[in-house]
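Notes for the one structure printed next.
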Amino acid sequence: MTSRPRLALVGDRSDRVPAHAKFDELVPHFGVEVDWLPSAAVTDAVAGYDGIWVIPGSPYVSQAGALLAIRTARTAGIPYLGTCGGFQHALIEYSRNVLGIRDAEDVQYDADATTPLIVPLACSLVGETAPLHFAADSRLASVYPGRESAVETYHCKYGLNPAYENELRSGRLRISGWDAEKAPRAVELPGHPFFIGTLFQPELSSTPTDIHPLIRAFLAAVSVRAGVRERGPVAVGE
């Protein structure tokens, strides 16, 4: 018998982060077992989960823990969703470990970073809604069938430094969602069972009876992973 899917929510719970209160409402309706993992508690054992979601709330107590969770998901074929901080840290992890930009950093951790990959947005998106445009043939677009855009909810102040967008495009990680000014708002990894990071926060626009389609797609991938767990990790490379 297939065991119940297991999902790790990686982040440091705080009453100051609106998404965390939303998770308390939504998790009972996910249909999977969910463990909150503080960033400092992440170890290699995170590979035993069927899904990893790095949730909002950066800077994390342990940046290394958040990056380990992301790298594990990316290399072991574990479904991954990263929202807000999980989007930002997916860019850092990929830049450091695949593109070789070893000092790629979020200025929240180091204001004088040599390679400031994640910087304050030109306009804060705290509490804002904004259009999202996605590539028609992307995994992201598949969760919005028949649509070319959507309006999404944000609660973020930081994003990708435009100066490093070309470097990011040099790898397989694909920018699959943009705002009206063509600023990246979502990325995904082609060939991976499910690997999507979004600056927008689908949890904020969800209710227990109306879960955002991106979350539903992620949870479906988590369930698929649970069904094949005993076959062992699936290496997907870069």
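The values are calculated or read from the model by the stated rules, or taken from the named source; none is laboratory data. Keep in mind that what you see is a predicted model, and the values were worked out from it rather than measured. We place every Cβ from the backbone using ideal geometry, glycine too, and count neighbours over all the protein chains shown. Just so you know, the surface numbers come from the protein's heavy atoms only, side chains and all, with ligands and any DNA or RNA stripped out. Shrake-Rupley method; radii C 1.70, N 1.55, O 1.52, S 1.80 Å.
Condition first: within 24 Å of A113 (Cα to Cα), in contact with a strand residue (DSSP E or B) (Cβ under 7 Å, 6 or more places away or on another chain) and in a loop (DSSP other than H, G, I, E, B). Now tell me which residues in segment 171-182 satisfy that. Walk me through how you get there before you give the answer.
Restricting attention to segment 171-182, the residues satisfying the condition of being within 24 Å of A113 (Cα to Cα) are 171, 173, 175.
Narrowing the set further to residues that are in contact with a strand residue (DSSP E or B) (Cβ under 7 Å, 6 or more places away or on another chain) leaves 173, 175.
Across segment 171-182, the qualifying residue is only L173.
Could you list, in sequence order, the residues of segment 1-23 that are closer than 24 Å to R225 by Cβ, open to solvent by 60 Å² or more (accessible area, probe 1.4 Å) and at pLDDT below 95?
Restricting attention to segment 1-23, the residues satisfying the condition of being closer than 24 Å to R225 by Cβ are 1-11, 19, 22-23.
Going one step further and asking which of them are open to solvent by 60 Å² or more (accessible area, probe 1.4 Å), we end up with 1-2, 4, 6.
Result: M1, T2, R4.
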Within segment 176-203, which residues are hydrophobic (A, V, I, L, M, F, W, C), touching a Ser or Thr at 6+ places or on another chain (Cβ under 9 Å) and closer than 22 Å to R71 by Cβ? A186, V187, I196, L199
What number of residues within segment 80-109 are more than 20 Å from A183 (Cβ to Cβ) and either within 10 Å of the chain's Cα centre (by Cα) or at pLDDT below 95 (or both)? 2
Scan segment 2-59 residue by residue and report those that are among the aliphatic types (A, V, I, L, M) and under 20 Å from L199 (Cα atoms). A8, L9, V10, V17, A19, A21, L26, I52, V54, I55
Here the residues within segment 103-114 that are surrounded by fewer than 18 Cβ atoms within 10 Å (Cβ to Cβ) and either touching a residue at least 60 places away in the same chain (Cβ under 8 Å) or of a type in the set (S, T, Y) (or both) are Y109, T114
D15 not aromatic (F, W, Y) and not in a helix (DSSP H, G or I): yes
Close pairs (7 angstrom Cβ cut-off, 6 or more residues apart or separate chains): among the β-branched types (V, I, T) in segment 16-43, buried (at least 19 other Cβ atoms within 10 Å of the Cβ) and assigned to a loop (DSSP other than H, G, I, E, B) anywhere: V17/P56; V17/G57; V32/P5
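Here is a list: L125, L168. Which entry is aliphatic (A, V, I, L, M), at pLDDT below 95, assigned to a loop (DSSP other than H, G, I, E, B) and crowded, with 20+ Cβ neighbours inside 10 Å? Working first, answer last.
Numbers: L168 fails: assigned to a loop (DSSP other than H, G, I, E, B).
So the residue among L125, L168 that is aliphatic (A, V, I, L, M), at pLDDT below 95, assigned to a loop (DSSP other than H, G, I, E, B) and crowded, with 20+ Cβ neighbours inside 10 Å is L125.
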Residue check, L37 buried (at least 16 other Cβ atoms within 10 Å of the Cβ) and more than 16 Å from A221 (Cα to Cα): yes
By residue number, the members of segment 149-158 that are more than 12 Å from F87 (Cα to Cα), open to solvent by less than 100 Å² (accessible area, probe 1.4 Å) and not in a loop (DSSP other than H, G, I, E, B) are S149, A150, E152, T153
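With the requirement that a residue be assigned to a loop (DSSP other than H, G, I, E, B) and open to solvent by 20 Å² or more (accessible area, probe 1.4 Å), what does segment 50-94 give you?
G57, S58, P59, V61, S62
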In segment 128-148, the residues that are open to solvent by less than 50 Å² (accessible area, probe 1.4 Å) and either part of a loop (DSSP other than H, G, I, E, B) or out of contact with any Gly (no Cβ under 6 Å at 6 or more places or on another chain) (or both): A130, A135, S138, A141, V143, Y144
Within segment 217-238, considering residues that are basic (K, R) and modelled with pLDDT under 85, the one farthest from E203 (Cα to Cα): R231
